Structures are given as structure tokens and as C-alpha cells.
Amino acid sequence: LLSRGPRYRLSAESVRDNALFVSGLLVAKVGGPSVKPYQPDGLWEDVSVERREKYVADSGEGLYRRSMYTFWKRTCPPPGLSTFDAPDRESCVIRRSRTNTPLQALVLLNDPTYLEAARKLGERVCLEVEREHDRIQLAYRIVLSRLPDDEELATLQRAVQSAREHFATHPDAAASLLSVGASPHSEIIPISEQAAWTTAMSMLLNLDESISKP
């Protein structure tokens, strides 16, 4: 049945939760009050009287709870979820729309949630196995539940090598990339290596296959 079922993009909440899960960041705690994950600065001020209301993101596990616990302001829904067609909750919606837009790719490439998830996933594969070939295979198994074919393996190896060379000569760029997100980065892995694997894992998390039901 799975092999013949309809293929479609995951819901907004599932896209975010999936990235957190494969990176090891997801907090599986059930219940409790709403939480406030990452959100661009200034959005609440723009829709409040005299710009009084300010959004203050949580710290600790509040950043990594499942998306269903995200605090929702109906006049200013979380943009990362709205971009993936989450309803604004102004009215009841029987069936969600499902679109594919360039904005979704920009969110997956630049939103702190997904950059941090890519960084932690890169740390995970680097710490679990030694060989580059094995790291890529492990990443594919974690994210896509399959092994890469020869072309995919070669493509990601080239991406890692290119990023490694770039960050080796641009340590400030590597440090800037690794500073995204509240979780600490590994002190064991060299920053150029960690930044290179962050870049490669971001590519993997941005695959259409990564955000789609097979």
C-alpha cells in the first residue's frame, strides 16, 4: 500500500519536526504549555498597538518541542509554518492547500531551525563514524531511510570537499555558520570540518525526498 500511495509534501509541522528528529534535537515531551521557537525579529511589533508586543523566543527545550506546541498569534502566525501552508486559524479549514514555492526552499536553507538541525546532524554522523563514505551513507539512512546510489554519493562527497576547502580559508564564515542556533557546537570536530558537513547536511535536508511522503 505504501508503494502505491499518493506522494505529497509533508505538512508544515511535520517538515519542521522531521528536521528536528533526524538531527537529534527534537524534545519528545508530551503536554505542557505552548512554546516559542525561533522567529524573525520585529514581527509582533508590526501588528501590535504602538509596537508594544515583542516576541521573545524560548531557551532550552522550548526551542525544540514538536510544532503542535508552538504559540500561535492569529494576527501574526509563525512564518516558517505559514510558508508551508499551515492555516492562519482565522477560520476552520477542512483541507489544507499544498503548494510548492521558492520561499519554501529559502526557509529550508536559511531558517535557524533548519541550519541548526543540519549542524547537529553533521555532528552526529561525524562522531558516529570515521570514513567520509560511511558518514554519507549513515546520513542517507537517517534522513531518507535508504542508502545513496553512486551518483548521489559522489555528489555529496564533492560538496563536502568543496565546502571544506572554502571554510579552511574562511574561518570567520565557518564560525558564523556554526553560531546559528542556541545549541552548542562540538568542541571535538574542527570548525572547518563541522561547517563543511553542516553545508552537506543542509543539502540533504533540502531534498524534495526529505520533505515528502513517499
The range 17-88: C-alpha pair distances exceeding 16 Å, % = 52
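Could you rank the peptides 191-198, 75-82 by their average count of other C-beta atoms within 10 Å per residue, with the highest value first? Display every interim value, and only then the final one.
Details: 191-198: 23.0, 75-82: 18.1.
Most protected by this proxy first, the peptides run 191-198, 75-82.
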Give the dimensionless ratio obtained when the Cα radius of gyration of the range 140-214 is divided by 2.2 N^0.38 Å.
-> 1.19
With the 8 Å Cα cutoff and a minimum separation of six or more residues, the range 15-151 has a relative contact order in percent of 25
Of every hundred units of 1.4 Å-probe accessible area on the range 19-147, the number belonging to carbon and sulfur atoms, as a percent, is 53
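Given the peptides 178-185, 125-132, arrange them by the average over their residues of other C-beta atoms within 10 Å, most packed first.
Working: 178-185: 16.5, 125-132: 14.9.
Highest to lowest by the protection proxy: 178-185, 125-132.
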Using just the helices of the chain, give the 222 nm mean residue ellipticity in deg cm²/dmol: DSSP H runs with n ≥ 4 each add -39,500 (n - 2.57), and the total is spread over all residues, rounded to 500.
-> -14500 deg cm²/dmol
For R65, which sequence-distant residues (separation of 5 or more, or a different chain) have an amide H within less than 5 Å of its own amide H, given hydrogens modelled in the peptide plane?
-> V27
Where the centre of each part is set by its Cα atoms, how far does the range 164-214 sit from the range 58-92, in angstrom?
-> 25
Which of A19, L43, A57, positive extreme of dipole for the range 1-66 (C-beta unit charges) | A19
Which is farthest toward the positive dipole end of the chain among P148, T83, L109, measuring Cα position about the Cα centre, with Cβ charges +1 (Lys, Arg) and -1 (Asp, Glu)?
-> T83
How big is the shadow of the Cα convex hull of the range 61-117, averaged over all directions, in nm²?
-> 4.6
With a ≥ b ≥ c taken as the square roots of the eigenvalues of the C-alpha gyration tensor of the range 113-165, please select rounded if a/c is under 1.5 and otherwise prolate if a/b is larger than b/c or oblate if it is not?
-> rounded
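Using unit Cβ charges (K, R positive; D, E negative) and no other charged atoms, how large, in debye to the nearest 20, is the dipole of the range 7-100 about its Cα centre? Please report the intermediate quantities before stating the final value.
On the way: 16 positive and 12 negative charges, 87 e Å.
Using Cβ point charges on Lys, Arg, Asp and Glu, the range 7-100 gives about 420 debye.
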Ordered by residue, what ³J(HN,Hα) values in Hz, to whole numbers, does the range 74-81 give under the Karplus form 6.51 cos²θ - 1.76 cosθ + 1.60, where θ = phi - 60° and Gly and Pro are x?
-> 5, 7, 8, x, x, x, x, 8
Ignoring ligands and nucleic acids, what accessible area does K54 show with a 1.4 Å probe (Å², nearest 10)?
-> 130
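How much length is gained if the chain between R74 and D150 is pulled fully straight, taking 0.36 nm per residue apart and subtracting their Cα-Cα distance, in nm to one decimal?
Values: separation 76, 0.36 × 76 = 27.36 nm, distance 4.69 nm.
22.7 nm is the gain from fully extending R74 to D150.
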Distance in nm between label sites at E165 and V93, each 7 Å beyond Cα in the beta-carbon direction?
-> 4.5
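If packing is taken as the average number of other Cβ atoms within 10 Å across a peptide's residues, how do 158-165, 89-96 rank, most packed first?
Top of the packing list down: 158-165, 89-96.
If you scale each eigenvalue of the Cα gyration tensor by 5 and take the root, what three semi-axes come out for the range 42-158, rounded to whole angstrom and sorted largest first? Walk me through the intermediate numbers first.
Values: eigenvalues 255, 65, 33 Å².
Ellipsoid semi-axes (Å, largest first): 36, 18, 13.
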In whole percents, the bins of 5 Å from zero upward hold the Cα-Cα pairs of the chain as 1, 7, 14, 17, 18, 16, 12, 7, 5, 2, 0, 0
Please report the relative contact order for the range 103-214, taking Cα pairs under 8 Å with a sequence separation of at least 6, and give it as a percent rounded to a whole number.
-> 40
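Averaged per residue, what accessible surface does the range 96-181 expose to a 1.4 Å probe, in Å²? List each step's numbers first, then the result.
Values: 4700 Å² over 86 residues.
Ligands and nucleic acids excluded, the result is 55 Å² per residue.
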Residue-normalised accessible area of the range 1-50, given per residue in Å² at a 1.4 Å probe | 62
Helix 191-205 sits at what angle to the longest principal axis of the chain, using alpha carbons and giving 0 to 90 degrees rounded to 10?
-> 60
Starting from the amide H of Y55, placed 1.01 Å from N in the peptide plane, find each other amide H under 5 Å away whose residue is 5 or more places distant or on another chain.
-> G42, W44, E45
Residues with amide H under 5 Å of V35's amide H, sequence separation 5 or more or different chain, H placed in the peptide plane at 1.01 Å from N; which?
-> T70, F71
Tell me, what is the 1.4 Å probe accessible area of Y8, in Å² to the nearest 10?
-> 90
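The values are calculated or read from the model by the stated rules, or taken from the named source; none is laboratory data. Bear in mind that the values here come from a model prediction, so they are computed numbers and not experimental data. Note that we place each Cβ from the backbone using ideal geometry, even for glycine, and neighbour counts take in every protein chain shown. SASA here: full protein model, heavy atoms, side chains in, ligands and nucleic acids out. Shrake-Rupley method; radii C 1.70, N 1.55, O 1.52, S 1.80 Å.
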